[in-house]
Amino acid sequence: MRAEAGIAGYVARNGSKEDLITAVENAVRGEVHCSPRVAASLFRRLAAHVQTTRQQPPKAALTSREQDIVALIDRRLSNKEIAR
């Protein structure tokens, strides 16, 4: 299971049809559905992820040209318009 992929729930292989329906209904409401065991696993992964990302150097700021391009994207210009 890859929480980084944006999962909204988890139903085990041996889960019932009702478990699946509940998971889908919760996902539609923006809620996460999973067992306590899966939740504990996700929290462990999150804690490990936080530890590794804290040790990485901060990302470099955007160059002025990159900032210009972001501003053009914000104005909803097409790639061709930005290239010009």
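The values are calculated or read from the model by the stated rules, or taken from the named source; none is laboratory data. Model, not experiment: these values are computed from the prediction. Please note: Cβ atoms are built from the backbone with ideal geometry, for glycine as well, and neighbour counts cover all protein chains shown. We work out accessible area using only protein heavy atoms, side chains counted, and drop any ligands, DNA or RNA first. Shrake-Rupley method; radii C 1.70, N 1.55, O 1.52, S 1.80 Å.
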Along the range 15-31, what does the Karplus equation 6.51 cos²θ - 1.76 cosθ + 1.60 (θ = phi - 60°) give for ³J(HN,Hα), rounded to whole Hz, x for Gly and Pro? x, 7, 4, 5, 4, 5, 4, 4, 4, 5, 4, 5, 4, 4, 7, x, 9
Rounded to the nearest percent, how much of the accessible area of the chain (1.4 Å probe, protein heavy atoms only) is carbon and sulfur? 55 percent
Let me know the charge dipole size of the chain about its Cα centre in debye, to the nearest 20, where only the beta-carbon of Lys, Arg (+1) and Asp, Glu (-1) is charged. 260 debye
For helix 64-74, report the angle its Cα long axis makes with the longest principal axis of the Cα atoms of the chain; keep it between 0 and 90° and round to the nearest 10°. 60 degrees
In deg cm²/dmol, rounded to 500, what helix-only [θ] at 222 nm does the chain give when every DSSP H run of at least 4 residues adds -39500 (n - 2.57) and the total is split over its residues? -17500 deg cm²/dmol
What residue among Thr63, Thr22, Thr52 shows peak mean-square fluctuation when the chain is described by a Gaussian network model with Cα springs under 10 Å? Thr63
Would you pull out the residues with amide H under 5 Å of Gly9's amide H, same chain only if 5 or more places away, H placed 1.01 Å from N? His33
Compute the angle between helix 36-54 and the longest alpha-carbon principal axis of the chain, please, reported from 0 to 90 degrees and rounded to the nearest 10. 30 degrees
On a full-extension model of 0.36 nm per residue, what is the gain between Asp74 and Arg44, subtracting their alpha-carbon distance, rounded to one decimal in nm? 7.1 nm
